[in-house]
Every structure is written in C-alpha cells, then in structure tokens.
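Some notes on the structure that comes next.
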Amino acid sequence: MVTSQGTASISFPFPSVWGIHSSIAGRTIIWGTLTINSIIENRVVGTVNFRGRPIPINGFWNESTKQIAFDSPYATFSGNLTIIDDQQSRIRHFILQGRFLMKPPSLHAGESGSWIATTDIALNEFPISGNAYTGQLPPVGAFLTTNILHQHQNFWGRTI
C-alpha cells in the first residue's frame, strides 16, 4: 500500500490511529494510542496518548528502510515497520516495533524498553508491492495492541 502526500510515498496509512504497548525488562509500563497525523518529506507529526491526554510527537520516517524515530516530551522511540497480510481474515496488519529511552522529566528517565504499535485495514483497501509478509503470524503484542486500539475506538459505544 502506498499513501501519497506531497512527493513522498509511504507504506502505511495516515492519518492513522495505532494501539501501543511498552515495557521495561518485560514488565508492562503503559499502553495507549499512537496517532500519526501526517508524514510529509519524511517528517512524522502526531500524538501519543497514554493517560487520556494526547502528547505531541515529532520524528522521521525512512521509507527505504521502513524505520521510524520520534520524540515525545518524555521518551525517544525508534522502530521498524512490518506488514503482514492475513489472507483468511482479509486483514492487513501494520506493526511498528522497537526500543524507547525515557528522558526527563519522566520518573523513569534513563530507563529503556521495548514498544509495539499496531493498526490494521481490510486487505483489499490498498495494493502493496513486494513488502508484505504473507503467511507469517503477527507477534503476540500485535493482538494485545489491536485489542487496545479497538477498545479505545469502541469505548461505551463511541469513539474517544
């Protein structure tokens, strides 16, 4: 799938909302939503929402390596994109996963951990050429973050 904005082609949808989960030393520290509002000339703009308040993020996307890096006021995130097509359910899973480093003023400043964020679309919505991993199962974190995302979108029957 290619989303175009300006002169760039991007391999995942935006604007988009992702379920995100992060952990330090294998222990969950927080989960929430990641919103990618735009990617223009490799610059990522959006928000991350862990405690009910969207926090701005800014960063970079490298289409050729499928790598993302962004900063919030409390942490620096970096990771890679994997795309998995589930032919049976006709769902395309987009999975961003990587590492983060907490920074001041966070109480966890200096600590690092891992994160995973997912979103999905109907498989027939966008064509993709050559970078889908058909037949591969998503990592377990993809199911957790997908549940977080759908609970967020359907909280008490309304989108929040």
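Sparse packing (at most 15 other Cβ atoms within 10 Å of the Cβ) combined with a DSSP loop state is found for the following trypsin sites (Lys or Arg not before Pro) in the range 18-94: Arg51, Arg90. Rounded to the nearest whole Hz, the Karplus-based 3J(HN,Hα) values (6.51 cos²θ - 1.76 cosθ + 1.60, θ = phi - 60°) of the range 33-41 follow the sequence 10, 10, 10, 9, 7, 7, 9, 10, 6, with x at glycine and proline.
At q = 0.14, 0.19, 0.27 Å⁻¹ the log10 of I(q)/I(0) for the range 44-95 amounts to -0.49, -0.75, -0.99, computed by Debye summation with a single uniform scatterer per C-alpha, solvent ignored. Available extension along the chain between Leu101 and Thr76 is 8.5 nm, counting 0.36 nm per residue and deducting the alpha carbon span. Based on the convex hull around the alpha carbon atoms, the range 6-104 presents an average projected area of 7.4 nm².
No lab work stands behind these numbers, since they all come straight from the coordinates. Only a predicted model underlies this, so the values are computations on that prediction, with no experimental measurement involved. Here Cβ is always computed from backbone atoms with ideal geometry, including for glycine, and neighbour counts include all displayed protein chains.
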